[in-house]
1. Among residues belonging to region 79-118 that are open to solvent by 80 Å² or more (accessible area, probe 1.4 Å) and part of a loop (DSSP other than H, G, I, E, B), point out the one that is nearest to LEU325 (Cα to Cα).
2. Is there any pair with a first residue in region 88-101 that is among the charged types (D, E, K, R) and a second that is open to solvent by less than 40 Å² (accessible area, probe 1.4 Å) whose Cβ atoms are under 7 Å apart and which are 6 or more apart or on different chains, and what are they?
3. Are any residues in region 16-37 in a loop (DSSP other than H, G, I, E, B), surrounded by fewer than 21 Cβ atoms within 10 Å (Cβ to Cβ) and not basic (Lys, Arg), and if so, which ones?
4. Out of the residues in region 38-57 that are touching a helix residue (DSSP H, G or I) at 6+ places or on another chain (Cβ under 8 Å) and in a loop (DSSP other than H, G, I, E, B), which is nearest to LEU117 (Cα to Cα)?
5. Give me the residue from region 313-327 that is touching a Leu at 6+ places or on another chain (Cβ under 8 Å) and in a loop (DSSP other than H, G, I, E, B) and, out of that set, surrounded by the fewest Cβ atoms within 10 Å (Cβ to Cβ).
6. Considering ILE180, ILE124, ILE166, which residue is out of contact with any Phe, Trp or Tyr (no Cβ under 6 Å at 6 or more places or on another chain) and without any contact (Cβ under 8 Å) to a residue 60 or more places away in the chain?
7. Taking region 254-287 as the region of interest, how many residues are open to solvent by 80 Å² or more (accessible area, probe 1.4 Å) and among the aliphatic types (A, V, I, L, M)?
Amino acid sequence: MRDLPDPRPPERDQLLVRVRACGVCYHDLLVREGIYRHLVNMPLVPGHEIAGDVVAIGPEVGRMCVGDRVTSTNRETCGQCDLCRTGQEGICPNQHFFGHNGPGGYAGYALLRENALSVVPTSISAEQACVLSCAVGTELHAIRDVGQVRAGETVLVTGAGGGLGIHGVQVGRVCGAFVIGLTSSAAKADAIRAAGADEVVVFERGRRFDDLIRSLAPAGVDVVCDNVGEPVFDSCFRTLAFGGRYVFVGQLNDRRISFNPAWPLLRNTQLRGSNSSTRKELDEVIKLTTAGRIRPVLDAVLPLAEAAEAHRRVAAADVTGRIVLVP
C-alpha cells in the first residue's frame with residue numbers, strides 16, 4: 001500500500017466517490033500477473049467493483065446528488081459511439097475499464113463518470129452492492145441475453161462456487177432454467193445447492209467429466225455459462241444439446257483451445273462471447289436484489305491492507321462467492 005495524492009475535483013459529468021467497498025475479481029489477478037496486457041497502464045490501482053458515497057459532483061451531473069449511495073459497472077464509456085447508442089456499451093472502443101486502463105477501487109476515493117454508476121437503496125449494504133455489476137450482472141448478461149435461455153431449458157454453470165458462478169446459478173433459476181453447477185471443490189457443493197442449483201457435479205481437475213453431466217442431462221445442456229474457459233472447455237462442449245449455446249464468460253489462463261469444426265456443424269451449436277454487463281442490467285440486478293430474488297454471496301470482507309491475502313485466496317480457488325475489500 002502507498003499514499004496517493006487526493007483526486008482532483010470532478011469535472012463535467014464526473015463524481016468523486018468515497019469508496020466503501022471493492023470486490024476482488026479474478027480479472028484483477030490476470031492484470032497483475034500480466035496475462036491481460038492489452039491497454040493495461042502501469043502503475044495501476046486495481047479493482048473494478050466499486051461501491052461508496054458521492055462526496056462531490058461535476059457541473060454536468062444530472063441523475064445523482066452528493067450523499068447518494070452508488071455502485072459502479074466495470075467501466076466508464078464514451079456514451080457517443082454507435083455501440084453505446086445501441087445499448088452495447090460493454091464493448092465501447094473508447095472505454096476505461098477500472099483497474100485495467102484506468103484507476104480502480106482499491107483506494108479511499110474514485111473519480112468516476114456518471115454513466116458508470118447506479119444509485120443503491122439502503123437495504124443493500126456497500127459490501128453487497130459492489131459485486132452486483134460484475135459478479136451478478138455479468139452472469140445475467142451471459143445467461144439471459146447472450147445465451148437466450150428459455151424457461152425449462154438446462155443451463156450448466158462452470159466455476160459454480162466462485163464469485164461469478166454462484167451468482168450464475170441464481171440467475172439461471174431466476175430465468176426458469178434447470179441449473180447444473182460444476183465445481184472442482186466438493187467443499188463448495190452445499191453452498192452451490194443453497195444458491196439454487198438443481199444438481200451439482202464435482203469433477204477432478206485434469207480428467208474428463210462429460211459423462212457425469214450427461215447422466216443428469218441425457219439430451220445435453222441448452223446453455224453453458226463458462227466462467228473458467230480452457231480447463232473445462234472440452235468436456236463441457238461435448239455436453240451441448242442440439243442447438244445449444246456455449247457462452248464464454250471467463251478464461252483463467254492464457255492457453256488456447258481446439259475443437260473439431262464438425263461438432264458445431266452437425267449439432268447446430270453456437271459459440272458466443274459475453275463481455276460484462278451494462279448499466280441498464282446493473283439497474284435490473286439492483287431491483288432483483290432488493291426483491292430478494294438474488295442474494296449476493298460474500299466469502300469474506302477484509303481490510304484493504306489485506307489485498308495481497310485476498311489475491312492469494314482467489315488464486316487458490318479458496319473462495320465461495322466474492323471477497324470484498326474495505327478501506
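1. By that ranking, first place goes to PRO103.
2. Sorted first by the residue in region 88-101, then by its partner, the pairs are GLU89/THR77; GLU89/THR278.
3. The answer is GLY34, ILE35, TYR36.
4. Once the filter is applied, the top-ranked residue is HIS48.
5. Applying the filter and picking the extreme gives PRO327.
6. ILE180
7. Qualifying residue count for the region: 2.
For (1) at pLDDT 95 or above; (2) open to solvent by 10 Å² or more (accessible area, probe 1.4 Å); (3) over 13 Å from PHE248 (Cα atoms), each residue gets a yes or a no:
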position: SER133; (1), (2), (3): yes, no, yes
position: ILE143; (1), (2), (3): yes, no, no
position: ALA151; (1), (2), (3): yes, yes, yes
position: GLY165; (1), (2), (3): yes, no, no
position: VAL169; (1), (2), (3): yes, no, yes
position: GLY172; (1), (2), (3): yes, no, yes
position: CYS175; (1), (2), (3): yes, yes, yes
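The values are calculated or read from the model by the stated rules, or taken from the named source; none is laboratory data. Everything quoted here is computed from the prediction, not taken from an experiment. Cβ: placed from backbone, ideal geometry, glycine included. Neighbour counts: every protein chain shown. These area figures cover heavy atoms from the full protein model, side chains too; ligands, DNA and RNA do not enter into them. Shrake-Rupley method; radii C 1.70, N 1.55, O 1.52, S 1.80 Å.
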